[in-house]
Number of protein chains: 4
Amino acid sequence: MDEFDVEEHADPELEDPVLVEGLPGVGHVGKLVAEHLLEEFEDAELVRRVYSEHFPPQVAVDDDGTTTMASAEFHAVRTDGADILLLSGDHQATDAPGHYRLTDCFLDVAEAFGVERAFALGGVPTGELIEEYAVVGAATDDEQVEELEAAGVEFREDEPAGGIVGVSGLLLGLGERRDIPTACLMGETSGYLVDPKSARAVLEVLQEVVDFEVGYASLEDRAEEMEEVIKKIQEMEQGPQTPSDEDLRYIG
Amino acid sequence: MDEFDVEEHADPELEDPVLVEGLPGVGHVGKLVAEHLLEEFEDAELVRRVYSEHFPPQVAVDDDGTTTMASAEFHAVRTDGADILLLSGDHQATDAPGHYRLTDCFLDVAEAFGVERAFALGGVPTGELIEEYAVVGAATDDEQVEELEAAGVEFREDEPAGGIVGVSGLLLGLGERRDIPTACLMGETSGYLVDPKSARAVLEVLQEVVDFEVGYASLEDRAEEMEEVIKKIQEMEQGPQTPSDEDLRYIG
Amino acid sequence: MDEFDVEEHADPELEDPVLVEGLPGVGHVGKLVAEHLLEEFEDAELVRRVYSEHFPPQVAVDDDGTTTMASAEFHAVRTDGADILLLSGDHQATDAPGHYRLTDCFLDVAEAFGVERAFALGGVPTGELIEEYAVVGAATDDEQVEELEAAGVEFREDEPAGGIVGVSGLLLGLGERRDIPTACLMGETSGYLVDPKSARAVLEVLQEVVDFEVGYASLEDRAEEMEEVIKKIQEMEQGPQTPSDEDLRYIG
Amino acid sequence: MDEFDVEEHADPELEDPVLVEGLPGVGHVGKLVAEHLLEEFEDAELVRRVYSEHFPPQVAVDDDGTTTMASAEFHAVRTDGADILLLSGDHQATDAPGHYRLTDCFLDVAEAFGVERAFALGGVPTGELIEEYAVVGAATDDEQVEELEAAGVEFREDEPAGGIVGVSGLLLGLGERRDIPTACLMGETSGYLVDPKSARAVLEVLQEVVDFEVGYASLEDRAEEMEEVIKKIQEMEQGPQTPSDEDLRYIG
């Protein structure tokens, strides 16, 4: 295997596709959006699978007992509105140069499909359970900041503290260097739990800005499951003491 | 030294050899099987030794005071049934890209010997001492899943959790990309102890599927030694309190 | 992106420029000096920005919501006296080879601008709050040691213990190998706090040795802010017990 | 700078020189021997200095305030008996591939000087203070094992447990692959302290096997200093309880 191995599964023509990235991260927000899109748009088509020595050295075992090596996937998703090139997967790189090289490889694939705009999705941890799910933004240029603000995205000084790390962050950094306007949409999330409600908040913004429509059924199911989990945890903790948010571990 | 240094010791013709990998891992299950095969098939022949800068930087000191640099070995093992190309050693790679490159190097050697099927052996930790040793499987394709199920191998959803890591995992991942049907046989094991009984369970499946026969004498000896070790630990712990499995450290 | 990506923003002629490095480190002393120079010399001109896969994989989010990928910057600073090529940024490399390669890249840029002398700025931790801010030195050759001693810099046996690490250290090591006389000026600092007073002490030496004049207004403002912070911490700790320096965490 | 930068300082003709390596390690035994040889043989000549990006990114500050970048040194040492090519320094590599490549580089230098035999010096930790300092050995071949046993070196099964790591280990591993007979001499040492007595024991064996004579004055001075240190520690600990070896930290 070479440093990167881009496996071609299909090669459809896409019309001005928008790259949407939903890899694992805080609250699995980006990943939940990606999974939701694949579930709702049933004719989403796997177009590329990327293997790399920068991924962790492992295979996943699928439900039927067969294995899949660590990889990232690109699907072509045709909506009523815009075409989406969806980047999803279960892994980030294992070291710093790997993150840069992997993101460069992803952008090569995106450019081959004609992508001229990109969205990196993620979560921003608040440290406490959330009632109102705001979406925090960052972008490579002022025009996008304005456009996203109009769509309800919040831009806050010094947030996220520490910047945006991993593939999401570098999509903006390396995207800008390729003149691909890129924005990051980060759903507020406690940071302790897989958070379908935060994913929904991000998806609502994405729908408006990218221009497509999608149902929320499966995200709502997941949100209900998580409500159950949270309720159980709270009950378990409600013995002698009142439960504190800080006691919740990352569960999902 | 280059990144890899494949030392040639012999170059026998093998008939449709099956690659069997038994490197260190959970419960040393794969390594025990490999050692057992080398002990039982006395005319096993060392054919390749692989050195690499991806191995830990160290030499082992043998009983006679001479040293051997970290390496992996391939032996040609001729049984009554199939020919086996046996991969064994004391090390895995020290970083993620190293795992990928090392496994690729191993598959190059295997293909040079005409290998068209491979088995990665290992253990799956249960966290408690085991009475009935099941063998859990994973494979690159459905046909193997069926064949292995028929041989008593269990395929379980979400097991092993976290997938299969290291060389064993990548033999499946990179093997599949080379069109080499590969399966992983994982003996259930507590995860705290070197586990000859788990190795035997794996060996029994391997015998049936690969088609060869071998005695169990040396594994039984080892199993008895381990029984003694476990008994002593349990006695030591049986002072004021009943011993708990969790107190057992990794011993062997 | 290549291993290094040196973005050209301007290409002014500089007269015998002196390289001054102020990257993050102990007490942020070097970084404070660099920021201060950029604030005081308003016509400082960004000439190069260096991106590298050896930097952490992240983007910073600026106050206007736009992002900047991890990088280091070179500014041309024209003073009344000498011209300065100022190296600043928020990051060091993520691994050992990265430090060497990054520093080599920085020296390539410096030599392209005709740099024939360099200063690496930093802090040396004392472990306690400081009254008198000494500046400790190290240099690639005896002549500089003499010159700096005459300017009040202290050279102490075995200090800093453990040598000088990171880009600052390698500027001396690799600078020497390129025959660029290089010195390191390290302000004494507690090591617990961002330390504008230590930065001022270093700046005073730098002014004298490099030959330029600059006001201290913004550093004094920052020093006052830090005084407030220290006072608050001391009040918080002055409950039942007298506060100890060791309790102060790194704050700034 | 390239991956390795071998600086040439002198190029004397040596007669059948023996490579002796004394880099930092357990009890600083090898390093102490190397330093002792340089002190006793005053006309030892620096012949090569090796810089590498695999060393830690740092410079040491010498007593006169000037700096030296992390490096290893080769000295030509002419004794009454054999010529010695002495490898010394303050650093090992920072990662696994670095250890392999650095050792290969060292062996290239050694072969350029005509080295046909090598000794790696080090310590083997016993975990307790030592009365009788044995020297434990390992070698690339049986003949050396015999020769060293005759010189009082002990070869013990399973010692050192875990093998020999770092440059010392790889000198044997990679030396063997170049057909350079290599032995490792490891002085027993507590592992908690810099141990001049252990260094002396190793030196006595080395003298006999390599054939040279050297005084012990400076090592004895160091040993006396360490005796003082140990005495002080023991007094400090002899308050309410008897001191235990385990309480001694690594001091020297």
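Okay, here's what the table says:
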| item | result |
| --- | --- |
| Angle between chain B longest axis and helix B:196-206 axis [Cα atoms, degrees, rounded to 10] | 40 |
| Per-copy distances of the residue A:43 label point, shortest first, in nm (7 angstrom along Cα→Cβ) | 6.4, 6.4, 9.1 |
| 0 to 90° range, to nearest 10: angle between helix B:29-40 axis and chain B longest Cα axis | 70 |
| Neighbourhood charge, 10 Å Cβ-Cβ cut-off, centred on residue B:82 and excluding it, Lys, Arg +1 and Asp, Glu -1 | -3 |
| Computed magnitude of the charge dipole of chain A (debye, nearest 20; Cβ of K, R +1, Cβ of D, E -1) | 740 |
| Segment C:20-72: GluC sites (Glu not before Pro) in DSSP loop, at most 11 other beta carbons within 10 Å | C:42 |
| Rh (Kirkwood; distinct C-alpha pairs) - segment D:1-148, Å | 16.5 |
| Segment B:143-206 - convex hull of the alpha-carbon atoms, volume per residue in Å³ | 106 |
| Within-11-Å neighbourhood charge of residue C:134 [Cβ basis; K, R +1; D, E -1] | -4 |
| Peptide A:87-100 - average C-beta neighbours from other chains (10 Å radius) | 4 |
| Local net charge near residue B:97, Cβ-Cβ under 10 Å (Lys/Arg +1, Asp/Glu -1) | -3 |
| Other copies of residue B:178: label-to-label distances in nm, shortest first, labels 7 Å along the beta-carbon direction | 3.1, 3.2, 4.4 |
| Gaussian network model of chain B, springs between alpha carbon atoms under 10 Å - residue of B:79, B:189, B:103 with greatest fluctuation | B:79 |
| Neighbour cut-off at most 11 other Cβ (10 Å), DSSP loop, GluC sites (Glu not before Pro), segment B:101-173 | B:131, B:132, B:157 |
| Whole-angstrom gap from segment A:26-72 to segment D:14-86, using each part's C-alpha centre | 53 |
| Under 5 Å, built H, 5+ apart or other chain: amide partners of residue A:83 | A:15, A:18 |
| Per-residue [θ]222 nm for chain C (sum of -39500 (n - 2.57) over DSSP H runs n ≥ 4, rounded to 500) | -10500 deg cm²/dmol |
| Gaussian network model of chain C, Cα within-10 Å springs - most flexible of C:175, C:65, C:27 | C:65 |
| Segments A:213-220, A:228-235, A:87-94, B:167-174 sorted - mean Cβ within 10 Å per residue, highest first | B:167-174, A:87-94, A:213-220, A:228-235 |
| Listed residues A:68, A:182, A:140, most fluctuating in chain A (Gaussian network, C-alpha, under 10 Å) | A:68 |
| Links that overshoot a 31 Å alpha carbon limit, given the list A:197/C:31; D:31/D:231; C:232/D:232; A:31/C:31; C:31/C:232; C:31/C:231 | A:197/C:31; C:232/D:232; A:31/C:31 |
| Hydrodynamic radius by Kirkwood, which averages 1/r over all alpha carbon pairs of the protein assembly as shown, in angstrom | 32.5 |
| Options C:112, C:38, C:175, ranked by Cα towards positive dipole end of chain C, top entry (Cβ charges) | C:175 |
| For segment C:87-156: Kirkwood Rh in Å [reciprocal of mean 1/r, alpha carbons] | 14.8 |
| Chain B residue with Cβ closest to the axis mapping B onto A, distance in whole Å | B:95, 5 |
| Distance from segment A:138-216 to segment C:90-113 (C-alpha centre basis), Å | 32 |
| Check: the protein assembly as shown dipole with +1 on Lys, Arg Cβ and -1 on Asp, Glu Cβ, in debye | 1220 |
| Hull-based mean projected area of segment A:23-80, where the convex hull spans the alpha carbons, in square nanometres | 5.1 |
| Relative contact order, percent, chain C [alpha-carbon distance under 8 Å, six or more residues apart] | 23 |
| Rounded to 10°, Cα long-axis angle of helix C:217-237 versus longest principal axis of chain C | 40 |
| Extent along principal axes [Cα atoms of segment A:4-247; Å; largest to smallest] | 59, 48, 37 |
| Unit charges at the beta carbon, dipole of the protein assembly as shown: most positive-side option, A:54, C:150, C:47 | C:150 |
| Nearest-first distances (nm) between copies at residue D:143, label 7 Å from Cα via Cβ | 5.5, 5.5, 7.8 |
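Values quoted throughout were computed directly from the atomic coordinates according to the rules given, and no laboratory measurement underlies them. Predicted, not measured: the structure shown is a model, and the values here were computed from it. Every residue, glycine among them, receives a Cβ derived from its backbone with ideal geometry; neighbour counts consider all protein chains shown.
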